[in-house]
Each structure stands twice: as C-alpha cells, then as structure tokens.
C-alpha cells in the first residue's frame, strides 16, 4: 500500500495513512467506499486532535459534537472544521 500524497504520515500515523491510501485507491473504482474511508480519516483526525490536546471526548460522543467542541475550544480552525463537517456529511449520505 503506497501513496505519494500521504507518504509523509506513513511512519508516524499508520491508521491515518491506511485510511487515506484506501480512500485514494478506491476513488475511481468504488467512490462510495472512498467516501466512507475519507469519513473515517476525518473522524480519526478529530479524535487525535482531541486526545493530543487532552480534550478527549466522552464514550459515544457523536462526530458532529466532537467537531463542534474542538472548534469552540479553538483547537480546529474554522476552515478545517468546515472541511471535516463536509466529509462527515458526504459520508453520512453514502451510509
């Protein structure tokens, strides 16, 4: 599994790398799976931001609530939060 676009995280973030590569590989052959993997990638990023900033969510916290909380706490810039919400919504549509 290789990707020039995401190779910079291959050694340090194996889960993010795997999700990104799967999304990238499935883009043209299985767009729905690609969107689901993109959504999982966004979820994993938000969870890592929360954990690394000691703002870990509660069990069962919805992604929308986590993103909104991270944004309100100043841990996600608006542009990033908006992009992660967009990915989340498209992933929901596929599911």
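Any read-out appearing in this document is the output of simple, stated calculations on the displayed coordinates, not a laboratory observation. Owing to the predicted nature of the structure, the values given are computational and were not obtained by experimental measurement. So basically every Cβ, Gly included, is an ideal-geometry build from the backbone, and we count neighbours across all protein chains shown.
Could you work out the relative contact order of the chain? I mean the mean sequence separation of Cα pairs under 8 Å and 6+ apart, divided by the number of residues, in percent. Let's see the in-between values first.
Numbers: 80 pairs, mean separation 22.9, N = 95.
Once divided by the residue count of the chain, the mean separation gives 24 percent.
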Checklist entry - Taking Cα atoms, how many degrees apart are the long axis of helix 63-72 and the longest axis of the chain, rounded to 10 and kept between 0 and 90? => result 60 degrees
Checklist entry - Just one of (i) 6.4; (ii) 8.9; (iii) 5.9 is mean projected area of the Cα convex hull in nm² calculated from these coordinates, so which is it? => result (i)
Checklist outcome for this item: So the angle from the long Cα axis of helix 78-94 to the longest Cα principal axis of the chain, reported in degrees to the nearest 10, equals 60 degrees
Checklist outcome for this item: Site residue 51, offset 7 angstrom along Cα→Cβ, radius 18 Å on amide nitrogen, limited to the stretch 1-15, gives 9-15
Item to check | For the chain, calculated [θ]222 nm from helices alone, where every DSSP H run of n ≥ 4 adds -39500 (n - 2.57) | outcome: -21500 deg cm²/dmol
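Compute the length gained on full extension between residue 65 and residue 5: take 0.36 nm times their separation in residues and subtract their Cα-Cα distance, giving the result in nm to one decimal.
18.7 nm
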Checklist entry - On a 0 to 90 degree scale, rounded to 10, what angle separates helix 31-52 from the longest Cα axis of the chain? => result 40 degrees
